[in-house]
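Here, each number is a calculation from the coordinates, and none is a lab measurement. Please read these numbers as outputs of a predicted model, since none were measured by experiment. Quick reminder, even Gly has a Cβ in these numbers, built from the backbone with ideal geometry, and neighbours come from all protein chains shown.
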Amino acid sequence: MLPKETYDLLVATFGEIVSDFTEGSGIKDPFCRVKPERLLEVMRTLRDHPALQFDFLESITAVDWPKSSEIQLVYHLFSYPLRHDFVLKVTLGREAPNVASLAALWDSADWLEREQYDLMGVVFAGHPDLRRLLLPEDWDGHPLRKDYRQPAEYRGMRTTRPSPLDLLPAFDAHNRAQQATTKGDEK
Amino acid sequence: MSEIVLATPAGEEMILNMGPHHPSTHGVLRFIVRTDGEVMSEAKPDVGYLHRAIEKICEGMTYEAFMPYTDRIDYVAAMPANHCWALTVEKLVGAPVPPRAEYLRIITDELNRISSHHIMLGAHAMDLGAVTVFPWLLREREMVNDLLEELCGARLTYNYHRIGGVAVDMPAGWPDKVMRFVDRHGPILDELDRLISGNEIFVKRNRGVAVVTAAEARSYGMVGPNARASGVDYDLRRDAPYGLYAKVLAGLEQKGTPFEVAVGRDALGVTGDCWNRFYVRVEECRQSLKLVREALAQIQETPAGEFWTPPKKIRPKGEALGRVEAARGWMSCYVVATGEKTPYRAHFRTGSFTSMAVVRAKSRGLMVADLVALIASLDVIAPEIDR
């Protein structure tokens with residue numbers, strides 16, 4: 001099924017919950033928008049409808065848009081039996097992004113959502129085990145946010161180290177001084 | 001993390017920490033194992049030790065400059081990761097790729113797949129106590145490394161792909177050397193079967209261990225050889241061919257030696273068990289040899305020297321999802337571009353990431369020693385999980 005047909009089917013079922021089918025000019029994979037309130041139902045239909053059968057949740061990506069104070073979640077779906085794919089976007093407020101977890105529908109959502117929670121700070125309501133995945137549990141902030149500033153230290157360890165290029169002049173000077181002394185000795 | 005360590009085990013259970021430096025955990029991985037004697041009630045993976053924030057780094061540099069970083073996503077099979085990035089950006093920009101480059105991409109991807117599977121097959125056997133296989137396969141892997149080194153100068157992190165092509169053309173005499181390797185390697189794989197695949201102890205150690213059904217594999221988002229071992233008959237190279245794979249596959253079909261997607265079956269092992277995950281990769285090596293042979297035959301018809309058409313300006317606007325069949329399965333790269341020199345957001349979904357998530361569910365009721373078999377058979381690579 002083409003993405004447009006999938007979209008039409010969703011609109012027929014959910015009305016204005018699903019909207020803005022977008023394709024062409026730079027958008028290489030057409031997508032549509034879903035309102036977060038009924039995301040779980042829309043996703044369940046996508047998974048279970050005999051004409052859709054999206055049994056593979058390929059990826060979840062959160063994109064931060066500070067200018068419009070939004071966080072967009074992008075869901076990529078694929079169907080093994082029907083060999084078609086579909087992209088959905090959910091727009092959330094940037095201050096407290098909160099959306100239903102899909103872990104009950106696809107097991108893969110467990111880690112995919114934890115990753116986005118960890119790096120982007122999106123809270124997935126109903127997730128069985130929403131903890132940081134990649135960063136330490138006590139890390140501050142969500143690094144993939146556009147306004148994230150890396151802390152200078154983590155538990156007393158510096159997070160940056162001087163560039164070797166900055167150290168080079170001192171290193172050179174030291175070497176030259178050494179060479180000069182060895183030459184002096186030879187004489 | 002802290003929550004797990006502090007939890008009081010029930011009854012006779014104890015909590016065992018495995019890693020993060022256990023040698024059989026394939027990079028820096030850690031498992032928190034709850035066990036009653038030898039039988040685990042759960043093994044929780046704790047990942048992130050190799051997190052380098054590659055997606056954040058990507059936002060700070062140009063599309064071209066990010067290429068060497070993709071090597072570090074999966075350093076055992078860097079070529080397909082290169083390919084994934086190049087493919088996605090080319091899709092975004094609409095950049096054409098000369099046929100010679102497409103063939104070189106196929107040849108290098110497949111050679112790299114073979115050398116990556118060498119590591120997996122050897123490590124899997126070694127983790128279960130058969131030490132011979134690993135150095136024996138490393139010898140073969142060295143040959144692939146030599147070939148790739150001669151082509152692009154690097155043995156591990158190739159940085160070979162470019163937006164719109166590849167970095168360099170084949171050196172003189174290189175195709176013959178590749179053919180020599182391909183001719184040699186077929187019999188080696190048969191020897192591997194006699195050495196380990198059909199070995200009684202090895203089969204007993206893997207048969208029926210940690211069986212993942214096809215439905216579970218799809219739900220957990222397992223991809224590539226791991227999903228195919230469970231009977232998910234899907235391979236991007238055949239079912240959604242990118243580059244010139246369709247042409248190479250057609251060429252093989254014509255010659256009467258069609259490309260066959262290796263799928264797990266009830267033979268020495270049970271569909272979806274550790275043995276099938278092992279053997280699917282042996283079969284994949286055989287198929288990759290076919291692809292290399294055919295691509296090498298077809299590349300002779302392309303003009304030498306036309307290996308790269310760099311796009312004039314890479315300032316795309318829009319978004320795209322690129323997919324390649326990497327050594328650890330279907331790798332997706334999603335890029336959002338806003339017309340700047342740098343990507344606005346890039347996200348990689350890799351095979352190891354989703355495979356690792358299955359460990360917790362599959363570890364229930366497994367022996368501690370079998371956890372090692374499970375991890376080895378999933379062929380997870382820590383940098384690919386953590387990025």
Study note, to complete from the structure: By residue number, the members of region B:210-231 that are in contact with a strand residue (DSSP E or B) (Cβ under 9 Å, 6 or more places away or on another chain) and either surrounded by fewer than 24 Cβ atoms within 10 Å (Cβ to Cβ) or away from chain A (no Cβ under 13 Å) (or both) are B:S219, B:P225
Check your understanding: Is there a residue being over 19 Å from the mean Cα position of the chain (by Cα) and more than 10 Å from every other protein chain (Cβ to nearest Cβ) anywhere in region B:342-353?
Key -> yes
Point to revise | Filter result for A:G93 (surrounded by 14 or more Cβ atoms within 10 Å (Cβ to Cβ) and either among the polar types (S, T, N, Q) or under 23 Å from the mean Cα position of the chain (by Cα) (or both)) | key: no
Exercise for review: With a cut-off of at least 3 residues that are in contact with a helix residue (DSSP H, G or I) (Cβ under 7 Å, 6 or more places away or on another chain) and in contact (Cβ under 8 Å) with a residue 40 or more places away in the chain, name the helices (runs of 4 or more DSSP H) lying wholly within region B:271-387.
Suggested key: B:274-299, B:351-362, B:368-378
Exercise for review: Might you check whether a residue that is more than 10 Å from chain A (Cβ to nearest Cβ) and more than 14 Å from the chain's Cα centre (by Cα) occurs anywhere in region B:315-336?
Suggested key: yes
Study note, to complete from the structure: Filtering region A:104-140 for residues that are of a type in the set (A, V, I, L, M, F, W, C), in a loop (DSSP other than H, G, I, E, B) and touching a Leu at 6+ places or on another chain (Cβ under 9 Å) leaves a count of 7
Study note, to complete from the structure: Residue count, region B:354-364, condition touching a strand residue (DSSP E or B) at 6+ places or on another chain (Cβ under 6 Å) and within 10 Å of another protein chain (Cβ to nearest Cβ), comes to 2
Review point. From the set of residues in region B:232-243 that are charged (D, E, K, R) and more than 10 Å from chain A (Cβ to nearest Cβ), which is surrounded by the most Cβ atoms within 10 Å (Cβ to Cβ)?
Key: B:D235
Practice item. With the checklist (1) out of contact with any helix residue (DSSP H, G or I) (no Cβ under 6 Å at 6 or more places or on another chain); (2) closer than 26 Å to B:M356 by Cβ; (3) among the aromatic types (F, W, Y) in hand, flag the one item A:W106 doesn't pass. Key: (1)
Exercise for review: Could you grab me the full set of residues in region A:117-145 that are under 19 Å from A:P66 (Cβ atoms) and more than 9 Å from chain B (Cβ to nearest Cβ)?
Suggested key: A:Y117, A:M120, A:G121, A:V122, A:V123, A:D140, A:G141, A:H142, A:R145
**Study point:** Residue within region A:43-50 that is farther than 26 Å from B:L236 by Cβ, more than 13 Å from every other protein chain (Cβ to nearest Cβ) and touching a Phe, Trp or Tyr at 6+ places or on another chain (Cβ under 9 Å) present
**Key:** yes
